[in-house]
Amino acid sequence: MSFDAIVVGARVAGASLAYYLAKAGCKVLLLDRATFPSDTLSTHNMFGNSLGMLREMGVLEAVLRTNTRIYRRGHVHFDGAVIDGLFPETNGIQGNLCVRRKYLDHILFEHAANQPGVTAIEGFKVTSLIRENGAVAGVEGRRRDGEGRTESFRARLVVGADGRLSKIREWVGSERKISLPTDYASYTGYVSGFRQEGEAHVEFYKNGDKIAILFPTSDDQFVVGGMFPLVDFPRIARFKADPEAGFRELIEDGFAHTTLAERFGDTRFVEPIRGLHGYDNDWYVGMGEGWALLGDALTFKDPCVGQGMHDALFGARLLADILSRHAPEEWRSNAASMGEAYQSAMEEKLMSRFWLGCQFTKNVPVPEEMTAAYRLIGADRQATETFLGMYNYSSEPEDIQAEIGRLLAAAQEGARSPA
């Protein structure tokens with residue numbers, strides 16, 4: 001069978017792309033080795049700008065019907081400097097949502113699969129690419145229930161939306177433009193019984209070489225992330241021997257000076273803890289002759305900045321828009337110009353947050369002047385809103401610098417004024 005596009009990977013990035021391409025009149029094959037609903041290791045928080053894209057696709061109401069609380073507040077604790085406030089409104093939405101992937105991915109997959117022009121196959125493992133005259137022309141693979149029989153599908157474009165360890169990216173030989181390895185081990189778990197003061201909110205803590213993040217998520221639970229240096233081999237050994245004890249020890253060791261440690265003591269882990277021992281912050285070439293990359297297959301940044309879901313949704317919409325500027329039969333002859341447009345637009349939009357993730361991924365002391373700047377921000381409502389707005393793109397990093405400049409100027413003026 002032949003299609004305009006084959007999308008390998010049917011979670012947030014791939015399902016969203018299939019939806020947008022179908023709306024543009026394309027014939028799409030959507031494949032995933034998993035079956036839905038199913039979970040995946042993820043920082044699955046979405047800020048208001050991402051919720052706006054879900055509304056655009058017509059799935060926001062379904063997502064809101066999952067048992068997941070919207071939260072508006074952020075509490076950030078950087079080495080003793082505290083920033084606490086409300087995320088600003090964006091796209092007419094003030095609020096963020098951290099939906100479990102077993103719910104979100106299923107909703108997006110079903111929504112895409114129900115679009116005219118989309119053929120969706122779950123439980124299909126792509127095992128190789130088909131090439132013609134050097135260009136990618138399709139895929140081969142096997143269904144989980146197919147008794148080992150190989151099937152082949154052809155398309156004008158094969159899109160790898162198959163995650164951080166993308167096989168499509170490996171097979172097409174995409175060039176890695178940027179690579180910065182993390183210094184951290186990262187563990188994720190889900191807990192019940194976590195207490196917060198006031199309205200539900202995200203909590204982010206950095207103390208020396210340890211990081212902890214907690215998001216309110218589905219089913220009255222919190223997803224908790226803990227990070228510590230990869231070179232802390234005794235701690236890694238303790239996590240391997242008893243992940244729950246290791247996690248609780250990390251919180252107690254790193255954050256006993258805050259209320260987090262006490263409140264975390266009342267929690268109960270409801271699922272197995274999962275870990276990741278090192279990862280690269282990377283950025284690849286996103287398109288070539290007969291292929292494209294999307295989501296984590298294109299670029300992956302430290303999960304502590306919580307941008308992966310936005311990047312997947314934004315990239316899907318952008319790639320579909322670029323492809324829709326040409327008829328599918330013209331895609332190959334315009335691959336170079338489309339690839340340049342896709343790469344430059346993705347980098348222009350996302351690169352500042354990529355480098356933000358890279359700042360957190362290295363285990364280096366926070367400069368004293370940076371801590372002082374965070375204290376200034378935390379003491380000012382406008383600056384706090386600007387800081388939190390960086391995460392939902394209602395402000396940019398340079399806006400934060402402007403706010404710091406404003407606060408420093410005000411402090412200097414106050415110092416010059418007579419008592």
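Every number in this text was worked out from the coordinates using simple rules, so none of it is lab data. Computed from a prediction, not measured in an experiment: that's the story for all the values here. Neighbour counts run over all protein chains shown; Cβ positions are idealised from the backbone, glycine included.
Fewest neighbouring Cβ atoms within 10 Å first, the residues Thr40, Thr371, Thr68 line up as Thr40, Thr371, Thr68. Annotation: lysines with alpha-carbon distance below 21 angstrom to Lys349 (same-chain offsets under eight excluded): Lys177, Lys301. Taking the empirical scaling 2.2 N^0.38 Å for compact globular proteins as reference, the chain has a Cα radius of gyration ratio of 1.03. Inter-part distance, the stretch 98-172 to the stretch 176-254, computed on C-alpha centroids, equals 32 Å. As a calculated quantity, the FRET efficiency between Gln382 and Ala327 at R0 = 45 Å, using C-beta atoms, amounts to about 0.40.
Report the gain in length on full extension from Thr371 to Glu61: 0.36 nm times residue separation, minus Cα-Cα distance, nm rounded to one decimal.
Length gained between Thr371 and Glu61: 107.6 nm.
Annotation: amide H-H contacts under 5 Å for Met390 (H modelled 1.01 Å from N, sequence separation of 5 or more, or interchain): Ser395.
Once R0 is set to 51 Å, what does the formula 1/(1 + (r/R0)^6) return for the Cβ-Cβ distance between Arg268 and Glu132, expressed as a FRET efficiency to the nearest 0.05? Don't jump to the answer; show the numbers that get you there.
Working: r = 55 Å, r/R0 = 1.08.
Given R0 = 51 Å and the Cβ-Cβ separation, E is 0.40.
Under a model in which nothing but the beta-carbon of Lys, Arg (+1) and Asp, Glu (-1) is charged, the chain shows a dipole of about 880 debye around its Cα centre. For Lys177, the residues whose amide H sits under 5 Å from its own are Trp283, Tyr284, Val285, ignoring neighbours fewer than 5 places away on the same chain, with H placed 1.01 Å from N.
For the stretch 13-22, backbone phi angles converted through the Karplus equation (6.51, -1.76, 1.60; θ = phi - 60°) give residue-by-residue couplings of 5, x, 5, 5, 4, 4, 4, 5, 5, 4 Hz, Gly and Pro being listed as x. For the chain, adding -39500 (n - 2.57) for each run of n ≥ 4 DSSP H residues and dividing by the number of residues yields -11500 deg cm²/dmol at 222 nm. Rounded to the nearest 10 degrees, the inclination of helix 101-113 to the longest alpha-carbon principal axis of the chain is 30 degrees.
Taking a ≥ b ≥ c as the square roots of the Cα gyration tensor eigenvalues, the stretch 183-277 comes out prolate, since a/c reaches at least 1.5 and a/b is larger than b/c.
Under the criterion of Cα pairs below 8 Å and six or more residues apart, the relative contact order for the chain equals 22 percent. From the Kirkwood radius over Cα pairs of the stretch 337-413, Stokes-Einstein at 10 °C and 1.306 mPa s returns a whole-number translational diffusion coefficient of 112 µm²/s.
Could you please report the charge total around Asp79, scoring K, R as +1 and D, E as -1 over all other residues with beta-carbon less than 11 angstrom from its beta-carbon? So the environment of Asp79 carries a net charge of +1.
What does the net charge come to around Asp162 if you take all other residues with beta carbon closer than 12 Å to its beta carbon, with K and R at +1 and D and E at -1?
Values: positive: Arg11, Arg33, Lys125, Arg164, Lys167, Arg169; negative: Asp32, Glu170, Asp296.
Result for the local shell: +3.
Placing a pseudo-label 7 Å from each Cα along the Cα-to-Cβ vector at Asp399 and Gln412 gives an inter-label distance of 2.5 nm. A crude spin-label estimate for the pair Ser192 and Gln115, with each label 7 Å from Cα along the Cβ direction, gives 3.7 nm. GNM remark for the chain: springs join alpha carbons under 10 Å apart, and the peak mean-square fluctuation among Leu51, Leu129, Leu41 falls on Leu41. Residue by residue, the stretch 277-287 carries 3J(HN,Hα) couplings of 9, x, 6, 9, 7, 9, 9, 10, 5, x, 7 Hz when phi is fed to the Karplus relation 6.51 cos²θ - 1.76 cosθ + 1.60 (θ = phi - 60°); x denotes Gly or Pro. Rounded to whole numbers, the Karplus 3J(HN,Hα) couplings from phi for the stretch 168-179 are 4, 4, 4, 5, 7, x, 4, 6, 8, 7, 9, 8 Hz, using 6.51 cos²θ - 1.76 cosθ + 1.60 with θ = phi - 60°, and x at Gly and Pro.
Distant-in-sequence amide contacts of Ala120, defined by a placed amide H-H separation under 5 Å and a gap of 5 or more residues or a different chain, comprise Leu30.
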